[in-house]
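Worksheet: the structure to be examined is printed underneath.
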Amino acid sequence: MNSSASAPATPAKQNDFIRDIIDEDLKAGRHSKVITRFPPEPNGFLHIGHAKSICLNFGLALDYRERLPESGTRCHLRFDDTDPAKEDTLFEDGIQEDVRWLGFQWDGLYHASDYFEKMYEYAEHLITAGKAYVCSLTDAEIKQYRGTVTNPGQASPYRDRSVEENLDLFRRMRKGEFKDGEHVLRAKGDMASANMKMRDPLLYRIRHTEHHMTGDKWCIYPMYDYAHPISDAIEGITHSICTLEFENNRELYDWVIDNLIEYAKFPSRPRQYEFARLNLNYTVMSKRRLLELVQGNHVRGWDDPRLPTIAGLRRRGYTPESIRAFCASVGVAKANSTVDMAQLEFCVRDDLNQKAPRVMAVLNPLKVVIENYPDDKVEELEAAYWPHDVPKEGSRKVPFCKEIYVEQDDFMQDPPKDYYRLAPGKEVRLRYSYCVTCTDVVKDETGEVIELRCTYDPKTLGANPEGRKVKGTIHWVSAKHAVDAELRLYDRLLSDEAPPAGKDSEFLNAINPNALQVLTACKLEPSLASAQVGDRFQFERQGYFIADIDSKPGNQVFNRIVTLKDSWARAHKK
RNA sequence: UCCGAGGUCGUCUAAUGGUAGGACACGACGCUUUGAACGUUGGAAUGGUGGUUCGAACCCAUCCCUCGGAACCA
């Protein structure tokens, strides 16, 4: 079940509250098409939380375009670049790559900065209409005048400047006659409003900073609350979807639109709707914490496979389809929630089960000598790439000879009764090969098991042993033919379900020391010598792996994407 | 404390006045040359209290709890 990049195969999903709203809008004739947008600020890397928003916004356009062909239904990618101090083209490139990789294509690439001239014009209109004024209070004074959540604020002494004076000051702000922080443009809201966002919110601030798109054309920049609704309205956005923390901003969003719509003749009257952002346990999602992990060298960069960044998940080996399926499975709602990492892991297993050919790799090798097998004989055994329940064809030959490696975990000296693998005197099936019985255990001087001696039953190739039942099947590789490899075993970033809530770096203490475990003495079946970077496999009984970019000829490097479910290990954890 | 938004199985999410359902997770069983996958199956929820109604997760009242809001960030 592959899907093309332009038509993601997201599972059939039920309606969410956003789709309910859109359906009603369509039914009531408020809109004849739907236009959404994904509006990242180009100041960092995208993570799986953004993927939820991407799937929602682009998914809406895909869904409704299907229902309303030729309507102009679409989704824009818009960079919300109103703070030149933080933003960079570098981030824009990464964001575009991530959106594309997830399987979506935007119908138009925009920048909030495309509209700076319009925004300026609208600001002058607001001033002329007596709705905005230039305030010359300092940063600290503005804060003080604003009051608190329980106490009303008080009016700025500059609130009653004349239209002429405001216009003059604002034009001189644009010309660069003032220093940063000297003046700001504010909306005339209500200093007693219970919504702090309405207490004469700032619309423009002075920033003598080069902007990555507009260069040095501007030295005043609009604030989010002013730029966002205008950008939406100019682009004809019908449903402006954002996360819950913007609920208090909606009143201001509407204020901006309402005070400008007649003058500006916007093509749409956008409405803002808020949904709950994605939270995942056992990891961190905030920009700040992600940045701290990267800058503090707690991980190896933005694409470290331990990170929930899109780049990290990509390198880890997650498929875009699995991430889309995950986003569909968590739904869209308004209740704050934290999704279990197991849900994400299920989605990638579920996808890879159909896509990843099965091969054999021994992570922690234990040598086995098959005593009754001829010294120099090598058999090429047929091994299917796919299990019986995956409808795909294909196989390769795996060499079998007298000396092989098996997994250390697949031998126990003194096993519990329900242990199906190797133990002294016990017989197991070697996957795609013979059944062998352990006859002797070789130990070094410290008592550590360094080698197993076994005998094989020549009548068990492709046939069940006679008169007895062999329950266990283990994987193996030929010692003589094995390919050496480095395996990077990844696990959850944090040991704790939820990182400490503190504002400081306390969460660093929760980092799982085993989130990355590097194994350098691994033995792979020879077919893996030709694996290409990005190829995914299931290493039977171990998990799904992907060939990493660090692979060199003669030294393959694989990342573990996710383990297989292991009900035996789970049952014996205690 | 004020304003805003929320509260349904362990987790995520449906049901919008008419059988509280699905997925993940967990357990049991079956199948198995992957202790995988798959199949069957089990346990498991409407924050509390009143009220309206033949009937309430849903409507009303009240209380409790959680999250967000006082950046010249988004």
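The values are calculated or read from the model by the stated rules, or taken from the named source; none is laboratory data. Bear in mind that the values here come from a model prediction, so they are computed numbers and not experimental data. Positions of Cβ are backbone-derived with ideal geometry, glycine not excepted, and every protein chain shown enters the neighbour counts.
Brief remarks on what is shown
- Of the criteria (1) modelled with pLDDT of 95 or more; (2) away from RNA strand B (no atom under 13 Å from the Cβ); (3) surrounded by fewer than 22 Cβ atoms within 10 Å (Cβ to Cβ), which one residue A:239 fails: (3)
- Per-region count, region A:31-54, residues within 13 Å of RNA strand B (Cβ to nearest atom) and over 23 Å from residue A:83 (Cβ atoms): 1
- Looking across A:334, A:355, A:402, A:417, one residue alone is more than 9 Å from RNA strand B (Cβ to nearest atom) and under 30 Å from residue A:15 (Cβ atoms). It is A:355.
- Any chance residue A:113 is of a type in the set (Gly, Ala, Ser), over 30 Å from residue A:161 (Cα atoms) and at pLDDT 95 or above: no
- A residue that is touching a Ser or Thr at 6+ places or on another chain (Cβ under 6 Å), part of a strand (DSSP E or B) and among the β-branched types (Val, Ile, Thr) cannot be found anywhere in region A:414-429.
- Residue in region A:20-42 that is within 22 Å of residue A:211 (Cα to Cα), modelled with pLDDT of 95 or more, touching a Phe, Trp or Tyr at 6+ places or on another chain (Cβ under 6 Å) and in the same structural domain as residue A:112 (by TED's automatic domain parsing) present: yes
- Pairing each residue of region A:77-93 that is over 20 Å from residue A:204 (Cα atoms) with any residue that is more than 8 Å from RNA strand B (Cβ to nearest atom) and assigned to a loop (DSSP other than H, G, I, E, B), provided the two are 6+ apart or on different chains, yields C-beta distances under 6 Å for A:77/A:106; A:88/A:212; A:89/A:212; A:91/A:42; A:92/A:42.
- Screening residue A:129 with (1) of a type in the set (Gly, Ala, Ser); (2) away from RNA strand B (no atom under 12 Å from the Cβ); (3) touching a Lys or Arg at 6+ places or on another chain (Cβ under 7 Å) gives one miss only, at (3).
- Remark: residue A:255 falls outside the filter, which requires a residue to be outside any helix (DSSP H, G or I) and under 24 Å from residue A:174 (Cα atoms).
- Residue A:529 vs. criteria within 15 Å of residue A:359 (Cα to Cα), surrounded by fewer than 18 Cβ atoms within 10 Å (Cβ to Cβ) and either touching a residue at least 24 places away in the same chain (Cβ under 8 Å) or within 14 Å of RNA strand B (Cβ to nearest atom) (or both): yes
- Of the residues making up region A:327-345, those that are under 20 Å from residue A:498 (Cα atoms) and out of contact with any Lys or Arg (no Cβ under 8 Å at 6 or more places or on another chain) are A:335, A:336, A:337, A:338, A:339, A:340, A:342, A:343, A:344, A:345.
- Candidates in region A:300-311 are the residues that are in contact (Cβ under 8 Å) with a residue 24 or more places away in the chain and not charged (D, E, K, R); of these, the one that is surrounded by the most Cβ atoms within 10 Å (Cβ to Cβ) is A:309.
- First in region A:382-396 and more than 11 Å from RNA strand B (Cβ to nearest atom), second anywhere and assigned to a strand (DSSP E or B), Cβ under 7 Å, 6 or more apart: A:395/A:382; A:395/A:383; A:395/A:384; A:396/A:383
- Residue A:429 meets each of the listed conditions (1) within 18 Å of residue A:364 (Cβ to Cβ); (2) touching a helix residue (DSSP H, G or I) at 6+ places or on another chain (Cβ under 8 Å) apart from (1).
- Filtered residues of region A:438-476 (kept if touching a residue at least 40 places away in the same chain (Cβ under 8 Å), within 23 Å of residue A:361 (Cα to Cα) and among the β-branched types (Val, Ile, Thr)): A:449, A:450, A:455, A:470, A:473, A:474
- The one condition in (1) surrounded by fewer than 16 Cβ atoms within 10 Å (Cβ to Cβ); (2) not in a loop (DSSP other than H, G, I, E, B) that residue A:501 fails to fulfil: (2)
- Pairs are defined by a Cβ separation below 6 Å, a sequence spacing of at least 6 or placement on different chains, a first member in region A:203-225 that is assigned by TED's automatic domain parsing to the domain that holds residue A:182 and surrounded by fewer than 20 Cβ atoms within 10 Å (Cβ to Cβ), and a second member that is in a strand (DSSP E or B) and hydroxyl-bearing (Ser, Thr, Tyr); the pairs so defined are A:207/A:221.
- Selection status of residue A:294, crowded, with 18+ Cβ neighbours inside 10 Å, at negative phi and away from RNA strand B (no atom under 15 Å from the Cβ): yes
- Elements of type strands (runs of 3 or more DSSP E) in region A:434-492, at least 1 residues being away from RNA strand B (no atom under 16 Å from the Cβ): A:435-443, A:449-457, A:483-490
Listed here are the residues, each with its yes/no results for (1) outside the structural domain of residue A:416 (by TED's automatic domain parsing); (2) crowded, with 19+ Cβ neighbours inside 10 Å.
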| position | (1), (2) |
| --- | --- |
| A:475 | no, yes |
| A:509 | yes, no |
| A:514 | yes, no |
| A:517 | yes, no |
| A:545 | yes, yes |
| A:552 | yes, no |
| A:556 | yes, yes |
| A:560 | yes, yes |
| A:563 | yes, no |
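- Region A:521-541, residues that are under 13 Å from residue A:362 (Cβ atoms) and either part of a strand (DSSP E or B) or in contact with a Leu (Cβ under 6 Å, 6 or more places away or on another chain) (or both): A:521, A:522, A:523, A:524, A:539
- Selection from region A:553-566 of residues that are closer than 17 Å to residue A:300 by Cβ and of a type outside the set (A, V, I, L, M): A:558, A:559, A:560
- If you go through region A:553-574 and pick out every residue that is under 27 Å from the mean Cα position of the chain (by Cα) and either aliphatic (A, V, I, L, M) or assigned to a strand (DSSP E or B) (or both), you end up with 9.
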